[in-house]
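See structure below.
The values are calculated or read from the model by the stated rules, or taken from the named source; none is laboratory data. Model, not experiment: these values are computed from the prediction. Note that each Cβ is placed from the backbone with ideal geometry, even for glycine, and that neighbours are counted across all protein chains shown.
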Amino acid sequence: MLDKKYTYFLLLGLLASGWTSCSKDDTGNDDAVPGTTDGIPTGVYQIVNLVADTSASSGGNATSLYYSLEDNKVIPASQKQTGNWDIVFYGIYNSSVYPNNGAAVGSPGYGGPGKAKLYLVVDRQFDAAYYDTLNFKPTILPIPAAKWNEAFDAVKTVPVSDDRFITRDIGLDHFQTEFDGWGYYDFYGSLFPGNELKTHVVYSLPRVMIVKTHKGNYAKLIIRSLYKNSPDNPDRDDSPGYINFVYAIQKDGSKNLDIH
């Protein structure tokens, strides 16, 4: 991925307020249909050090951060009951991703007009190169950086029908749930016994999320890190609350995600 042409955004939390000007979507009365040319064009976008909750800790949920993939920008929390955002990073260390779906109990968008959904691409054969798929923990750290490029580029179309998409969140792999996730949380530091700096650390996995946006367009997204400057092998000395991810969005309404 990194050898391609990207649009780079270094987003500071204080700048988010500069993107709160009124638009036709502010009330959530959004009649857009798939194929819209509103917002950013079809393309690949890399988000670097997006400031979320930099005071987040293992002791509780972080302050949620709402994001529009259609417009590539932060949406203020005051608009969580609108169709202006597609995903929210919430929970411990902003590690859970919820779609903006008004029918999803538990979603910050519950009761609103949101129609977004998610699907996590999990390839057990691919994962086996770095992950114990029976005991759900990494076997190699740091995971080779090339794996993120490989996983992202391998998704060239939406791999499933819409009825396979979900409205619940996608979070940490099998952490207090039975669900696959995009990252691994080493609560007790079991991967590095005796090293206190390795407790309560989130390790990203090279897994791709497919997002059907509120407007009905498709995007693929992969999270590289929740720590500042994306350390390959993070520990407690690294600064949390900085979300780093890459996504590609298709704005013609098709399921083609072979985007460069």
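Search region 192-209 for residues being of a type outside the set (S, T, N, Q) and more than 23 Å from F179 (Cβ to Cβ), and hand back the single one that is surrounded by the most Cβ atoms within 10 Å (Cβ to Cβ).
K198
Report, by residue number, each residue of region 142-155 that is among the aliphatic types (A, V, I, L, M) and surrounded by fewer than 16 Cβ atoms within 10 Å (Cβ to Cβ). Steps first, please.
If we filter region 142-155 for residues that are among the aliphatic types (A, V, I, L, M), which is where we start, we get 143, 145-146, 151, 154-155.
Within region 142-155, A145, A146, A154 qualify.
Read through the list (1) touching a strand residue (DSSP E or B) at 6+ places or on another chain (Cβ under 6 Å); (2) part of a loop (DSSP other than H, G, I, E, B); (3) under 22 Å from G106 (Cβ atoms), then give the number of the only condition that P234 fails.
(3) is the only condition that P234 fails.
Evaluate the following for S78: is it touching a strand residue (DSSP E or B) at 6+ places or on another chain (Cβ under 7 Å) and free of Cβ contacts under 8 Å to residues at least 60 places away in the same chain? Spell out how you get there, then give the answer.
Working: touching a strand residue (DSSP E or B) at 6+ places or on another chain (Cβ under 7 Å): no; free of Cβ contacts under 8 Å to residues at least 60 places away in the same chain: yes.
It is false that S78 is touching a strand residue (DSSP E or B) at 6+ places or on another chain (Cβ under 7 Å) and free of Cβ contacts under 8 Å to residues at least 60 places away in the same chain.
Okay, residues lined up against (1) at pLDDT below 50; (2) in a strand (DSSP E or B); (3) aromatic (F, W, Y); (4) touching a helix residue (DSSP H, G or I) at 6+ places or on another chain (Cβ under 8 Å):
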{"residue": "D26", "(1), (2), (3), (4)": "yes, no, no, yes"}
{"residue": "T37", "(1), (2), (3), (4)": "no, no, no, no"}
{"residue": "Q46", "(1), (2), (3), (4)": "no, yes, no, no"}
{"residue": "L50", "(1), (2), (3), (4)": "no, yes, no, no"}
{"residue": "G59", "(1), (2), (3), (4)": "no, no, no, no"}
{"residue": "S78", "(1), (2), (3), (4)": "no, no, no, no"}
{"residue": "T82", "(1), (2), (3), (4)": "no, no, no, no"}
{"residue": "F89", "(1), (2), (3), (4)": "no, yes, yes, no"}
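With in contact with a strand residue (DSSP E or B) (Cβ under 8 Å, 6 or more places away or on another chain), within 22 Å of T63 (Cβ to Cβ), modelled with pLDDT of 95 or more and surrounded by 14 or more Cβ atoms within 10 Å (Cβ to Cβ) as the only criterion, which of I243, I249, I166, I259 stands out? Break it down stepwise before answering.
Values: I249 fails: within 22 Å of T63 (Cβ to Cβ); I166 fails: within 22 Å of T63 (Cβ to Cβ); I259 fails: within 22 Å of T63 (Cβ to Cβ).
Exactly one of I243, I249, I166, I259 is in contact with a strand residue (DSSP E or B) (Cβ under 8 Å, 6 or more places away or on another chain), within 22 Å of T63 (Cβ to Cβ), modelled with pLDDT of 95 or more and surrounded by 14 or more Cβ atoms within 10 Å (Cβ to Cβ), namely I243.
Among the candidates V158, V88, single out the residue that is under 22 Å from F245 (Cα atoms), crowded, with 19+ Cβ neighbours inside 10 Å and touching a residue at least 40 places away in the same chain (Cβ under 8 Å).
Checking each option against the conditions leaves just V158.
If D180 satisfies every condition in (1) closer than 25 Å to L134 by Cβ; (2) surrounded by 23 or more Cβ atoms within 10 Å (Cβ to Cβ); (3) out of contact with any helix residue (DSSP H, G or I) (no Cβ under 9 Å at 6 or more places or on another chain) but one, which is the exception?
(2)
Hey, among the residues in region 102-129 that are assigned to a loop (DSSP other than H, G, I, E, B) and surrounded by fewer than 17 Cβ atoms within 10 Å (Cβ to Cβ), which one's modelled with the lowest pLDDT? Don't jump to the end; show me each part of the working.
So in region 102-129, the residues assigned to a loop (DSSP other than H, G, I, E, B) come out as 102-114, 116, 122-123, 128-129.
Checking the rest, the ones that are also surrounded by fewer than 17 Cβ atoms within 10 Å (Cβ to Cβ) come to 103, 105-106, 111, 122-123, 128-129.
Numbers: A103: 94, V105: 89, G106: 84, G111: 96, V122: 96, D123: 96, A128: 96, A129: 95.
The qualifying residue modelled with the lowest pLDDT is G106.
Is it true that Y188 is over 20 Å from the mean Cα position of the chain (by Cα) and of a type in the set (F, W, Y)?
yes
Hey, can you tell me all the residues within region 110-129 that are within 30 Å of Q81 (Cβ to Cβ) and of a type outside the set (S, T, Y)?
G111, G112, P113, G114, K115, A116, K117, L118, L120, V121
Taking only region 130-170 into account, find how many residues are among the aromatic types (F, W, Y), over 22 Å from I87 (Cα atoms) and assigned to a loop (DSSP other than H, G, I, E, B).
Residues meeting the conditions: 2.
Yes/no per residue for (1) of a type outside the set (G, A, S); (2) within 20 Å of A116 (Cα to Cα):
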| position | (1), (2) |
| --- | --- |
| A145 | no, no |
| W148 | yes, no |
| S161 | no, yes |
| Y185 | yes, no |
| V201 | yes, no |
| L205 | yes, no |
| T213 | yes, yes |
| A219 | no, yes |
| D232 | yes, no |
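Is it true that I210 is part of a strand (DSSP E or B), of a type in the set (A, V, I, L, M), under 17 Å from Y130 (Cβ atoms) and modelled with pLDDT of 95 or more?
Criteria not met by I210.
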